[in-house]
Amino acid sequence: MQKHTPPDLPPMKDLTTDNITDNVHTINSSCPDPRTKFLFERLVSHLHDFARETRLSIAEWEAAIKFLVDVGKISTDVRHEFILLSDVLGLSLLVDAIDHPKLPGSTEGTVLGPFHTQDAHHVDAGHHISRDPDGEPLLAVCTVKDTQGRPIPGVSVDVWETDSKGFYDVQYADRSSPDGRAILDSDSDGIVHFNAIVPVPYPIPHDGPVGQLLAKLKRHPYRPSHMHFMFKKEGYDRLITALYLRGDPYETSDAVFGVKESLVVNLSRAGDVEGLAEKYGVSPDTKLLQYDFVLNTVEEARKAREEASLQEIERQGGKLRLQDGLLIPK
Ligand code: BEZ
Ligand code: FE
């Protein structure tokens, strides 16, 4: 019969709550990729410590497995329940902040969420991105600049928002074409302007396992009123962010932890700015969203990421090093 214990590994028998972790590390140690090996070493350590520290019961372990199976069962190409789970656990925001640290003065990122799509139409400046007749009209006039304050032309700006009932287009079974979303290019002055509707608060999908989890934790499922933005241009770090309306009832209790003070805006009216309503062809009463977005170059983002990684190496007593921008053991 074939032997499955590699000759250089000790036989793994009689494992206990005390020595099983080291044994799992040992059997995983032949993994040739140092980053994969490191990720699994840390994952197994944290999982085992979690089980030991809580004295996890089999019934709880079974409930957790069933929960994950349910999260998988409800997931489809447009229902991203695992992203939702990551969002309500604060993991999405954490990973974005780790992987896309921003230089001071540049626009902070926030959660992508599960409602970005790849099929938004590329439209001209001034386009009405929402067909919802019940939405309150909003004019958005924003700039895209670099960290030196110079306008960046030709940035692809993806925007998406819900309708006035708080639903994204993809949440309607009879969706025929994109609505409440579009892609625009910043002009030669770095300006991007479009017509939309005033965002409203809405609950994240909570008719599935993640909703049940929130209910169990006595948490509400609401996100404060916001509009999503994604900026892309070669040479710049892609920025995924959103703007939030000040004074929203959920401003300080977002179900997915996405609000940052630097992204909270006050809407004004087009008529408040001399000549603006005429210039953009809207009534002076139209709500106005103005914001100056600041992008990092790829090199600035790489430096910010490296600096944060070096701080983590120091925090962990120098046991780690960087390889291709990622931490691995020395
Ligand atoms: C959203 O803002 O679209 C969103 C973000 C996270 C979870 C659900 C929705
Ligand atoms: Fe959203």
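Structure data summary
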read-out	value
Positive-end residue, the chain charge dipole about Cα centroid, Cβ charges, pick of His48, Gly180, Gln290	His48
For Leu320, distant residues with modelled amide H under 5 Å away	Lys330
Whole-Hz couplings from phi, Karplus 6.51/-1.76/1.60, listed for the range 118-124; x for Gly and Pro	9, 10, 4, 7, 6, 10, 7
Chymotrypsin sites (Phe, Trp or Tyr not before Pro) restricted to the range 164-250 and DSSP loop, no more than 12 other C-beta within 10 Å	Tyr172
Considering only the chain, percent of DSSP beta bridges that pair antiparallel, nearest 5	75
Calculated P(r) of the range 1-132 - Cα pairs past 25 Å, %	56
Sorted by Cβ neighbour density within 10 Å, fewest at the top, the residues Lys66, Lys102	Lys66, Lys102
Low-density loop positions, trypsin sites (Lys or Arg not before Pro), the range 224-304 - DSSP coil, at most 13 other Cβ in 10 Å	Arg246
Residues whose placed amide H lies under 5 Å from that of Val294, excluding near-sequence neighbours	Thr107, Lys145
Selection of GluC sites (Glu not before Pro), the range 234-287, meeting DSSP coil and at most 13 other Cβ within 10 Å	Glu234, Glu274
Of Ala51, Ala301, Ala140, the one that fluctuates the most in a GNM where the chain has Cα springs shorter than 10 Å	Ala51
The chain - Rg and Dmax from Cα coordinates, angstrom	23.9, 86
GNM result for the chain, Cα springs below 10 Å: residue of Ile20, Ile183, Ile74 fluctuating most strongly	Ile20
About the Cα centre, charge dipole magnitude for the chain (Lys/Arg +1, Asp/Glu -1 at Cβ), debye	980
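Read the figures in this text as sums done on the coordinates, not as results from a lab. Computed from a prediction, not measured in an experiment: that's the story for all the values here. With ideal geometry, Cβ positions are generated from the backbone for all residues, glycine too; neighbour counts draw on all protein chains shown.
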